[in-house]
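The values are calculated or read from the model by the stated rules, or taken from the named source; none is laboratory data. All figures in this text were calculated on a predicted structure; none of them were measured in a lab. All Cβ positions, glycine included, derive from the backbone under ideal geometry; neighbour counts span all protein chains shown.
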Amino acid sequence: MGKETVLFVGVKCPLHILERREKARKNRVSGLARYQFNRVHKSAVYDVEVDTSEITAAQAARKIVTFMNTHSVFEGFKRTGGNLLIKKT
């Protein structure tokens with residue numbers, strides 16, 4: 001990456017809720033949430049995190065905007081290594 005500013009946001013929720021959402025959405029592969037759960041956030045360092053089981057999308061957006069307005073440095077993506085490689089296991 002060049003000199004772009006990246007705000008790295010972790011969007012999380014408990015596995016049982018992910019699985020319920022996965023089942024409710026007819027366009028999801030069954031079992032994908034469970035497969036990805038411990039892999040997706042494994043080596044990520046986020047600037048800010050939101051838990052979608054605790055707050056609405058609008059509240060999450062406000063939390064992110066508030067973070068952006070109160071912090072001048074965003075280093076999560078850089079601290080994560082600037083890229084995320086998903087290894088097949």
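Couple of notes before you dig in:
- Per this entry, Ile64 is counted among residues that are of a type in the set (Val, Ile, Thr), modelled with pLDDT of 95 or more, surrounded by 13 or more Cβ atoms within 10 Å (Cβ to Cβ) and in contact with a Leu (Cβ under 9 Å, 6 or more places away or on another chain).
- Residue list for segment 1-54, restricted to those being farther than 15 Å from Arg79 by Cα, within 14 Å of the chain's Cα centre (by Cα) and aliphatic (A, V, I, L, M): Val11, Leu15, Leu18, Ala33, Val40, Val50
- One residue stands out among those in segment 23-50 that are surrounded by 14 or more Cβ atoms within 10 Å (Cβ to Cβ) and of a type in the set (A, V, I, L, M): the one that is nearest to Val9 (Cα to Cα), which is Val48.
- Segment 26-49, residues that are part of a loop (DSSP other than H, G, I, E, B) and either in contact with a helix residue (DSSP H, G or I) (Cβ under 8 Å, 6 or more places away or on another chain) or more than 27 Å from Met68 (Cα to Cα) (or both): Lys26, Asn27, Arg28, Val29, Ser30, Gly31, Ser43, Ala44, Val45, Tyr46, Asp47
- Of all residues in segment 30-55, those that are farther than 19 Å from His16 by Cβ have Cβ atoms under 7 Å from Cβ atoms of residues that are part of a helix (DSSP H, G or I) and aromatic (Phe, Trp, Tyr), 6 or more apart or on another chain, in Asp47/Phe67; Val48/Phe67.
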